[in-house]
Every structure is written in structure tokens, then in C-alpha cells.
Amino acid sequence: MLIKRVVPTILVGILFLVLYANKAYAQWVPSEKMLSKAELSVQKQFNIDYSKSAIDLNPNYYELTTNDSIIGYMCLQQAPSKHDMFDFLAIYSSDMKLLKLQILAYRENYGGEIANKRWLKQFLTRPTEKVQAISGATISVESMKMVVSSLSQKMKNWYQVHHITSK
Amino acid sequence: MKLKSHILFALSFLAIPLIQAQNTAENILGAKEGLIIGGYGQIDGNFNLDDDNKMNSNGKLDVHRLVTFLGYKFNDKATFVSELEYEHVVELYVEQAFLDYKINDNMSLQAGLMLIPMGIQNLYHEPPTFNGVERTNVDKYIVPTTWREIGVGINGRLDEQSINYQLMMVNGPLGYDNGSANFSGKKGLRGGRQKGAEATVSDFDFAGRLSYFGMLGWNFGASFYKGNSETSDFEADSTQVGITMMGVDARYNNGPFQARGQYILANLENTAEYNAKTGADVGSKLLGYYLEAGYNVLDGKSENELIVFGRYENYNTHEETDGFHANADYDRTDKTVGLTYKLNQGAAIKADYQLKSTEASSEETKHLNLGVAVWF
């Protein structure tokens, strides 16, 4: 009785978990073109030759180094718009200060106004909740605010843990 | 034992939403492909009031619009978009149905039944995106919202210039249908919308829109439409009118403060011949504008928004007439004050109070509107 009922039930449960977990953790892989677009922006930002290596937090987040000293971090990140996903680049300084945001790909016809540079610059100077709304792009604005603040938090946490363990 | 296995089974399912919730927060899924489901709706109550603000006639409770959005993303370039609309519960329409093909980051091709890019609300008509229970009347009598026809077009976004653009070749409104006039003095072009239903074509029209979002907090738009109305009598020029419509609009946001305004002008040619042929009273110039300002009183205090707003609106379908006197009844003014309570960007409860008048009389009629607005 036990083997007949409970074991298959658990197996089915595990199967579901594995399937969903796989889907949940399926890693987004940016195209080569997008990656080089991001690298060009990083080059412009620091104005120095650098090499990059992915950090253990996410294969799309990189540590940027010049002659073994860390100059900063670049993150390629996706966020949802109304019915699709958009991709953006976040550049952080070596002490995890946000230096630049750039929309790399916006796929929907509506809401693309978030690519506006002046709007994105607000994230560097004011708290996320003070970032202004954009008429006609409310959903993507809210999404960007949520994802940028969660990304910055994750990077800060990672940075602290990393620095404590490396000491 | 049986009970235990059921509990275990149920528990294994409980874990799924936990993982999915994390998934939504982490946002690490790839670009979506496949079926996209969404929709919007507005359920309204409209009441006419007397001088003492009591109901003076029967009110109306209406599932005004219920729209299901169904899209399919074939790959990163090709997407099909459709919106099926129930209006007043019993009328069924297709509001949009087009194939979108992305050529590059700055340009897409579209073909099918599309929204005419004129003014703010014809494009952004999801109820939680605007204040007031009903759409503005400029966007009913001057811009015949929801204005959509079959055609082909391009659109895109130039990030460096902060510009959105749209250009399309579409079918025009049907002005003359087997002896009867679809245009009227009171409602302008509204009666001529073909909505993609066995639409008659005698001429192709052009429509376009540019919007500029380079100034922080602002979104400016300029729209145009140029062409001839369609007619069932292919040979008779007197059954067609020439349409030139232009519009400018602006939207502004700054913290709790928001404002928007729109100005639409339509010049119609050949109305004297059209009216003589059909017996209609179509004006030769249609003009409408509104100005609206709102303030979110919950700003900084809550995730929700409570927007208090006021709007002044004037729309005249007889701004000019050719060969007869304009009817002052068609020069209409609406003053609206109201509340929009947003529970979320996609869900709102609305209430507003309107004073409506015409140039013909100094009397104002009073109206109370209550509504539920959703978008998902």
C-alpha cells in the first residue's frame, strides 16, 4: 500500500518540481551582438582596456579587471514589459555604485520610452521610488524600477559576502 | 495511508507557486515565445442628475467593454496581435488583428486590422490608463475612437532621437453606403467606421504619428490623417469627402502631478456636394480639444494611487459648415471632476461628475459616472 500509493505520488511531485525548477532557472543567454554592444558601453564608461569574467551569482554578471585590479561590474539583465521581456545593461563601480543603465533590446511596440537616457539617469542620482513615471510606458517603468532595485541589492549582497570571505 | 498520500501530493503542488514566485522576482526567463493572453474591461454606471443632484431619469449599468487580448509570438521577429471586444455585452467586434514583423531594433512592419494613430486615447485606450469613467468626447466625436481599419504600416523607435514613429496606409471610413449617409453633423465621421468588417474600398488613406519623449516627464505627440472617405458608389465623387485630420497632444508627469492635453482639427472637403447628395448636415471643419490636470494625493504614502482630476473639454462637429448655418447644439463643452483610485497599474475604480452644455443653451446637464477599470 505504502509503496503503491506514496512512492508514485512523491515521484510525480518531484517530476513536477524538476520540470518547473528547470523552467524557473533556465538561463537567458544574450546574443553575441548584444554582448558586444554592452562591452562597447563599458569601454566608453571606463575608457580603459579590461578583461571580464562571470561571477558566481549569475553567468550574465561580470567582474571587470585591469591588471588584476577590479574596475567595476557589468550586468546583463532581463525584465518584463507588458507582454514580453526587455534586456538592459547595468554598470557598477568597483564599490557597487550604479554608474550606468542602458536598454539593449526592447521588443514590444508600447513602452519603449524607458530607453530614454535622461530618464535612465535618474536611477543614478535618486532613490528608485522617486524615479518619475512616463506616460504611455507605466508598466515598463514599474518593471524597470523593481528589477533595477532588486539587481542592485543582489549585487551589494554578493559584494559584501565576497569581500568578507576573501578577507 | 490514503490521506497521507493525498497530503503529500498536494504539498508537492504547493511548492510550484513558490518557485514560480521566485521566478517572477528574479526575472531570468528568456524572451517570451508562444501564446500571449491579456485583456481589458470597463464596467460603467451612468446617471443623469437634476439641479438637486438627484436622479432625474433612468440610469444605465453597462459592461461597456470587455476585450480579450490574444497574441502569438512566433519568434523574436514575428508576432500576431488580436483583440476581441464585447461591447455592451451583446456586440462582438475585432478591435485589432495584425501581424507584426520586426525588421530591426528601429523598425517593424505591420499588416492587418490596426488602430489609427490619432491622438492619445485611440492608441492608449485601456481604461486604467486614463482618468474619467468614459473616454473623452473629443475622442468620440472628432476622433472616432476606437478607430481601426485594415491596412499596412511601419512603426518603430529611434532611441538616440527619443522618437516613436508610425506611418500607415489604411482603408478610410465609409461615408456613403447604398443611398444612405454614414457621416452626420452630430457625430462627424463616427458612423463611417468600417472596423474591418467586409469593408468597402474606393481609396487608400494615410495616417501617421510622431511622438517625442526626450524631455524628462513629457511625452509630445503629433498625428495626421489624409485621404478620402470610401463610397459604395464607385463612380460618384459627390458621395465622398476629403479628410485632413491633424492632432497635437502632450502628457506630463512629475511626482504626484500629472497633466495632459489634446487638440484635434479635421478639415473635410466636398461636404456641400456630399450633403446635397445625401441630405446629411456634415460640417466642413471639426475641432476638439481638452486639458486635464490631476494630482495623486497618496503619493509617497501608499503603493496605490488616488488621483483627483479636473478636465475641460470642447468639441464642435460644426466648427465650420459649407453652405448652411452651423448648429450650435454641436458645439459642446464638458467639464469633469473626478477620482481615479488605482489599486494597481492594471486595476482602478473611478468616479466622476460632469457638467455638459452646448453653445445653443446656457443650461448645463449634470451626470454622475461610476466605473470599474481593469487591464491585464
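The values are calculated or read from the model by the stated rules, or taken from the named source; none is laboratory data. What you see is a predicted model, and the numbers here were worked out from it, not measured in a lab. Cβ sites come from the backbone with ideal geometry, for glycine too, and all protein chains shown count toward neighbours. Heavy atoms of the whole protein, side chains included, go into the accessibility calculation; ligands, DNA and RNA do not. Shrake-Rupley method; radii C 1.70, N 1.55, O 1.52, S 1.80 Å.
Tell me, please, whether a residue that is surrounded by 21 or more Cβ atoms within 10 Å (Cβ to Cβ), more than 19 Å from B:Pro117 (Cβ to Cβ), in contact (Cβ under 8 Å) with a residue 24 or more places away in the chain and among the hydrophobic types (A, V, I, L, M, F, W, C) can be found in the stretch B:255-270. Yes, because at least one residue in the stretch B:255-270 is surrounded by 21 or more Cβ atoms within 10 Å (Cβ to Cβ), more than 19 Å from B:Pro117 (Cβ to Cβ), in contact (Cβ under 8 Å) with a residue 24 or more places away in the chain and among the hydrophobic types (A, V, I, L, M, F, W, C). Filtered by the rule that a residue be in contact with a strand residue (DSSP E or B) (Cβ under 7 Å, 6 or more places away or on another chain) and either touching a residue at least 60 places away in the same chain (Cβ under 8 Å) or open to solvent by 10 Å² or more (accessible area, probe 1.4 Å) (or both), the stretch A:61-77 gives A:Tyr61, A:Tyr62, A:Glu63, A:Thr65, A:Ile70, A:Ile71, A:Tyr73, A:Cys75, A:Gln77.
Considering the stretch A:104-138 alone, what residues qualify as being under 15 Å from A:Val148 (Cβ atoms), in a helix (DSSP H, G or I) and of a type outside the set (Lys, Arg)? Passing the criteria: A:Ile114, A:Ala115, A:Trp119, A:Leu120, A:Gln122, A:Phe123, A:Leu124, A:Thr125, A:Thr128, A:Glu129. B:Gly208 falls short on exactly one of the conditions (1) under 22 Å from B:Glu149 (Cα atoms); (2) in a loop (DSSP other than H, G, I, E, B); (3) out of contact with any helix residue (DSSP H, G or I) (no Cβ under 7 Å at 6 or more places or on another chain), and that condition is (2). In this structure, is B:Tyr212 closer than 30 Å to B:Met169 by Cβ and within 14 Å of chain A (Cβ to nearest Cβ)? Spelling it out, B:Tyr212 is indeed closer than 30 Å to B:Met169 by Cβ and within 14 Å of chain A (Cβ to nearest Cβ). Any idea which residue in the stretch A:65-82 is nearest to the chain's Cα centre (by Cα), counting only those that are closer than 28 Å to A:Lys145 by Cβ and not in a strand (DSSP E or B)? Among them, the one singled out is A:Ser81. Mind listing whichever residues of the stretch A:16-42 are part of a helix (DSSP H, G or I), at pLDDT 60 or above and either within 28 Å of A:Ile91 (Cα to Cα) or more than 9 Å from every other protein chain (Cβ to nearest Cβ) (or both)? Across the stretch A:16-42, the qualifying residues are A:Glu32, A:Lys33, A:Met34, A:Leu35, A:Ser36, A:Lys37, A:Ala38, A:Glu39, A:Leu40, A:Ser41, A:Val42.
Scanning the stretch B:156-185 for residues that are aromatic (Phe, Trp, Tyr) and surrounded by 22 or more Cβ atoms within 10 Å (Cβ to Cβ) yields B:Tyr176, B:Phe183.
Looking at B:Asn304, B:Asn314, B:Asn275, B:Asn253, just one residue is within 22 Å of B:Ala373 (Cα to Cα), polar (S, T, N, Q) and more than 12 Å from every other protein chain (Cβ to nearest Cβ), and that residue is B:Asn304. In contact (Cβ under 8 Å) with a residue 60 or more places away in the chain and in contact with a helix residue (DSSP H, G or I) (Cβ under 9 Å, 6 or more places away or on another chain), is that true of A:Ile103? No: the conditions fail for A:Ile103. With respect to (1) over 30 Å from B:Gly185 (Cα atoms); (2) free of Cβ contacts under 8 Å to residues at least 40 places away in the same chain, the lone exception for B:Lys335 is condition (1).
Please indicate, with yes or no, whether at least one residue in the stretch B:235-246 is part of a strand (DSSP E or B), in contact (Cβ under 8 Å) with a residue 40 or more places away in the chain, closer than 29 Å to B:Arg157 by Cα and within 14 Å of another protein chain (Cβ to nearest Cβ). Walk me through how you get there before you give the answer.
Kept after step one, since they are part of a strand (DSSP E or B), are these residues of the stretch B:235-246: B:242-246.
Those left that are additionally in contact (Cβ under 8 Å) with a residue 40 or more places away in the chain: B:243, B:245.
Add one more test, that the residue is closer than 29 Å to B:Arg157 by Cα, and what stays is B:243, B:245.
Checking which are within 14 Å of another protein chain (Cβ to nearest Cβ) leaves us with none.
There is no residue in the stretch B:235-246 that is part of a strand (DSSP E or B), in contact (Cβ under 8 Å) with a residue 40 or more places away in the chain, closer than 29 Å to B:Arg157 by Cα and within 14 Å of another protein chain (Cβ to nearest Cβ).
Within the stretch A:106-132, the set of residues being of a type in the set (S, T, N, Q), more than 7 Å from chain B (Cβ to nearest Cβ) and open to solvent by 10 Å² or more (accessible area, probe 1.4 Å) comprises A:Thr125, A:Thr128.
In the stretch B:138-149, is there at least one residue being open to solvent by less than 40 Å² (accessible area, probe 1.4 Å), basic (Lys, Arg) and within 14 Å of chain A (Cβ to nearest Cβ)? Spell out how you get there, then give the answer.
First, the residues of the stretch B:138-149 that are open to solvent by less than 40 Å² (accessible area, probe 1.4 Å): B:138-139, B:141-149.
Restricting the remaining residues to those that are basic (Lys, Arg) gives B:148.
Those left that are additionally within 14 Å of chain A (Cβ to nearest Cβ): none.
The answer is no, given that none of the residues of the stretch B:138-149 is open to solvent by less than 40 Å² (accessible area, probe 1.4 Å), basic (Lys, Arg) and within 14 Å of chain A (Cβ to nearest Cβ).
The lone criterion from (1) out of contact with any Phe, Trp or Tyr (no Cβ under 7 Å at 6 or more places or on another chain); (2) touching a residue at least 40 places away in the same chain (Cβ under 8 Å); (3) within 15 Å of B:Ser223 (Cβ to Cβ) left unmet by B:Thr145 is number (2).
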